[in-house]
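What follows draws every value from the coordinates through simple rules; no lab data is involved. The structure displayed is predicted, hence computed values, not measured ones. Here Cβ is always computed from backbone atoms with ideal geometry, including for glycine, and neighbour counts include all displayed protein chains.
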Amino acid sequence: MRTRKGYTLRSLGKESILVAEGLDAVDFSRMISMNESAAFLWKSVESKDFDAETLAHLLQEEYDITPEVAQKDVAALLDSWKEANIIED
């Protein structure tokens, strides 16, 4: 997988917002709010190839959680990213 081009992660106060950029992308319905861990993962893999295992490993290292919790969280996150069409296979 890979993050889709044309999106930039921006900080808005304490929140992280993924914004579609470019003239064709001026659509405020395409702003996606990310919690701290989702933003961390996005920054870690932006413009790189990754898979669910990579994301789970990053979560485990950063947040000291079990592999089972990391895998469950990553599965849910990837479902939401796919639904939002912000990653490509």
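Give the span of the chain's Cα atoms along each principal axis, as three whole-Å numbers ordered largest to smallest.
Principal extents (Cα only, largest first): 42, 31, 19 Å.
Under a cut-off of 23 Å between alpha-carbon atoms, report the lysines in cross-link reach of residue 48, not counting same-chain residues fewer than 8 places apart.
5, 72, 82
Check which residues have an amide H placed less than 5 Å from residue 10's amide H, if you skip close sequence neighbours.
Long-range HN contacts for residue 10: 17, 18, 19.
Go ahead and set up a Gaussian network model of the chain, Cα springs under 10 Å, then flag whichever of 14, 72, 48 fluctuates most.
Result: 14 has the largest fluctuation of those listed.
Going by C-beta contacts inside 10 Å, put 7, 63 in order with the fewest on the left.
Final ranking by Cβ density, sparse to dense: 63, 7.
Hey, what does the equivalent ellipsoid look like for the stretch 43-87, semi-axes from the Cα gyration tensor as sqrt of 5 times each eigenvalue, largest first, whole Å? Write out the running numbers ahead of the final one.
Working: eigenvalues 65, 33, 11 Å².
So the equivalent ellipsoid measures 18, 13, 7 Å along its semi-axes.
Take residue 76 and residue 51, extend 7 Å from each Cα along the Cα→Cβ direction, and tell me the distance between the two endpoints in nm.
The answer from the label model is 2.4 nm.
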